[in-house]
Amino acid sequence: MRPYPQRVRTRLLALATVPVVAGLALTTAPAAPAAPAARTAPASAPADEPDPADQPGRDRGAWRVTALGEGRYEVTWTSPTRLPTNTDRPVVTGAGLDFAEPTVDAAGRTVQTVVTADAAPRAADLDVVLSGDRLDEPGFDPAAGARAPVSAAPPTTPLPAADPATPGPFRTVTSDYELPGVKLRGMPEPIEMVGHVVEPAADAATGPRPLVLFLHGRHGVCYDPTDPDAYSDRWPCSGRFEEIPSQLGYDYVQRLLASQGYATVSVRVNGINAQDYRLDDGGADARAQIVRRHLDHWADLAAEHQVDLSRVVLVGHSRGGEGVDRASIQVPAGAPYTIAGQVLLAPTDFASHTAPYVPTVTVLPYCDGDVFDIQGQKFTDVGRDLTNDDTSLKSSVLVMGANHNFFNTEWTPGIAAAPSSDDWGGGAGQVCGRRHPGRLSAAEQRAVGKAYVAGAVRLFTDATDGSDYLPLFDGSHVTVPSIGDADVRSHAIGGGRDERRPGIEATPTLANGRAETKLCAGVTTYTPFDVSACGRDIDDAVTPHWVPQGEGTPARTFFEMSWSRAGAVGGLRFSTPLDLSVDRLELRTILDPDHGPIDLRLRLTDGSGGTAVVVPEGGPRVAPLLRKRYLTKMWAQSLYADASSASGLDASDVRSVELLGGDGGGHVWVADLAAAPAATPAAPAQRMPTVSLGTVTVPEGDPAGDRREEDRLARVPFTISGTVTRPSKFVVLTAGQERGSRNRFVVDVAPGQTRGTIPVAYTADRLDDQPIDVQLAAWGMRGLTTDDYLGRLRITDDDPDADLRVSVPRRTVREGQDVVLRFRTTAPADYELYAVAEVVRGPGENLRQADVPAAFMEDFTDRVRPRRPLYRSYVYVSQRIRAGGDSATLTIPVARDGRREGTERLYLRVRTADGRQTIPITVRDAA
């Protein structure tokens, strides 16, 4: 089978798992509800001929493809062992196919999804991918041949402010609380309310203390202290099993913050981790609800603990990152607490969410072996285009050599209470392996975590000195002593930047003959021929800024430039001038790793034609992060320059910025550029209106008159929380109603609107159908964000159930005649039925292999054994009744051997509307 291409990790609708996503379940993945099983008539059967890759017993699991009718196929893969309880969710992939986000069964082994296609997909063309690795193929894909060096870090300067990881002067105290469990929708068992508190001592003269709340991610739930190999996901833990104390994993950061004057609490959500496979969104909303319940509890404690709830910072790790972001979206402006900012460590973002008006720092580990695609980058990118008045900082911090787990000590081998592991799956000496020189140790990674969490908390809550920590997050090449020589990079949007976006406020200049430039769509594709897509035929790199083809989420436009010799010029012209007289110029720039390091300078032109060439900070030589198949992450590096004193240029009136390409050629994409201030303004104290999709069930109905079928329209409701003050819009993707159905359209929302409906077309007929789940996913485009971003329309069938009846023209046959069974359907069906008759054992002399033609037996055995009874040879006959068909005839020939054998018997087991029955056939000697 082909090497695993990153580009085929298409999520049809970005749900959460394993979700599941998603998402037929609508981005992963704890799972969405399973797609409806095919209604079985006498028997069900694979949709196509047997494929060796379908067969059970392979050490990499077993595939099964089942036709559901109307071009819909259920695809399942069963693992030989239970899938890990980790953050990402499995995704079924296949080139050119759009799959629903898969679900995982309660046993944690079978991944299921639905695809609409013209023909049944073959197992040999499918993969199931989790955390960048094909589970159905041996080996760890990202580790293949990965002994390449990581690019050298750009030169850094010390942060002018104090190291944020320096302990403060205050004595700290620790306590724990447990409140009554909370029953949440979709999960049978209550969720625990447990908090681990580290705060300054009661007599510490801290003044009002901001509150920092930590939420861990999706990890194992129960372990056996006496058996390192024993785990259980049954909730609540019982017997010899104890809860994994994931909430204690951030105590090292809590103690630092408490010594600096902050109150901190880390909460536990094992109950969600054990049950979120039931939820379409993978538990993001459930985690948000638990965060809000704990904040409500702290509203009662605030005075006693000197807590200032107007300055709350949420820190979420892994799926906890998506959970706290969802909480930030939900918390209304009038709540008794205010979210001053959030720090997201290695987060998922299956929903393509971001929290408008909430300052956000997203920490992305380059060697994340769980959230392999570093999808948390969307928390930065998505926020750029929702509104023009959001001055909150959205920063991405890329930590070279960091993995997913080591931010939590309870997920770190050697120091965790429960057995744990390094989530990176490659060899120890390979890139990201534990012995590679570019890999951070667990202690080194925690040092980075402390510095950047504490720095972000200070930035968000300290009105006096907080802006001193901005250089850690805005793309500046700075470092602090506590992180040693760790390579940490960043870029940012918002935060008071005056941005110019390709295709919106910026259009390409006229390139000279040595450069090729254009605007491209931020999409990765399966083919190199889609010239409009930025990611043309990129199959061996992670592209976190671009949307996989077929995913449906809004894509942004990028400026693209390539050149093969020195002297190339191309860039962007602005609709309104850019003022760089005080602010610095920043470009978020993606480098094509196939070109290696490139030489790049910037030419600026003002309104009167004056020009100046400036060199990016750190020098003109710019290198990609890593050039190695499956390990390259095409992440936008921050190129910045000071043009305030450039000779010959009016820096307050810059009308265009062009790239000057040097020797050796190059290929780059620019996400956006901006004039960036040295300090961030306060974020507006407001919340963006949110859209939530609903769920509705409708009967299919019958077409009018004598029509065979009739097009119908159902409407799925949506509601809006908050006040829409200007024309806004969101995009909806629907999938699942019929072959090839996949509708994407924009919904316009008027000022003052509070509700509406989304039209979904379907077909009514008089054929028995499977119930159809049409799934909907929504993403904000302008003036709106989403909360419950997933909706569902269930179309129930109201036609008579189709089944089979069987008749036997002759119950007694002679040698040389055929045994014939005739099947008829009880009602028309819009899906395939299978007539099957299996030879079983019965009383008397049973027919043997010698009693049927040798050519017939060749379908069942390579070695004919004449005396062996047919029932021991696993003989059966079957025929597919196609959708709309009404009959099938099964035949078993009886050989005429000329010998006197007396009466023999053939017993055929069938399954029909009358249930399972055995039909006896008498075979007599030839006349």
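Values in this text are rule-based calculations from the coordinates and carry no lab data. What you are looking at is a predicted structure, and each value in this text was computed from that prediction instead of being measured. Cβ: placed from backbone, ideal geometry, glycine included. Neighbour counts: every protein chain shown.
If you count the DSSP beta bridges with both ends in the chain, what percent of them are antiparallel, to the nearest 5?
75 percent
Between ALA333 and THR157, with labels modelled 7 Å along Cα→Cβ, what's the label distance in nm to one decimal, could you check?
Roughly 4.0 nm, to one decimal.
At q = 0.08 Å⁻¹, what is the base-10 log of I(q)/I(0) for the stretch 498-676 according to the Debye formula with one equal point scatterer per Cα and no solvent? Please give it to two decimals.
Results for the stretch 498-676 at q = 0.08 Å⁻¹ read -0.23.
Pop the C-beta distance of THR166 and SER441 into the FRET formula with R0 = 22 Å and round what comes out to the nearest 0.05.
Values: r = 21 Å, r/R0 = 0.95.
For R0 = 22 Å, the calculated efficiency reads 0.55.
Using R₀ = 41 Å, calculate the FRET efficiency as 1/(1 + (r/R₀)^6) where r is the Cβ-Cβ separation of PHE860 and THR826; round to 0.05. Could the numbers behind the result be given before it?
Numbers: r = 30 Å, r/R0 = 0.74.
That gives a FRET efficiency of 0.85.
How do the peptides 385-396, 792-803 rank, highest first, by the average count of neighbouring beta carbon atoms within 10 Å per residue?
On the way: 385-396: 20.5, 792-803: 17.7.
Peptide ranking by packing, descending: 385-396, 792-803.
Sticking with the crude label model, points 7 Å out along Cα→Cβ, report the distance from GLU516 to ASP642 in nm, one decimal please.
3.8 nm
Multiplying the sequence separation of ASP105 and ALA119 by 0.36 nm and subtracting their Cα-Cα distance, what value in nm do you get?
Result for the pair: 2.5 nm of gain on full extension.
Run the Debye formula on the Cα coordinates of the chain, all scatterers equal and no solvent, and tell me log10 I(q)/I(0) at q = 0.04, 0.06, 0.08, 0.10 1/Å.
Treating every Cα as an identical point scatterer, log10 I(q)/I(0) equals -0.22, -0.47, -0.78, -1.12.
VAL182 versus ASN388, label points 7 Å from Cα toward the beta carbon: distance in nm?
It works out to 3.8 nm between the two label points.
Run through the DSSP bridge list for the stretch 798-927 and note the antiparallel percent, rounded to the nearest 5.
Given both bridge residues lie in the stretch 798-927, the antiparallel proportion sits at roughly 90 percent.
Using the beta-carbon distance between ASP653 and SER532 and R0 = 45 Å, what value does 1/(1 + (r/R0)^6) give for FRET efficiency, to the nearest 0.05?
So, using R0 = 45 Å, E works out to roughly 0.85.
For the stretch 311-381, what is the convex hull volume of the alpha-carbon atoms per residue, in Å³?
With only Cα atoms used, the stretch 311-381 gives 71 Å³ per residue.
For the stretch 157-494, what ratio Rg/Rh do Cα atoms give with a Kirkwood hydrodynamic radius?
0.94
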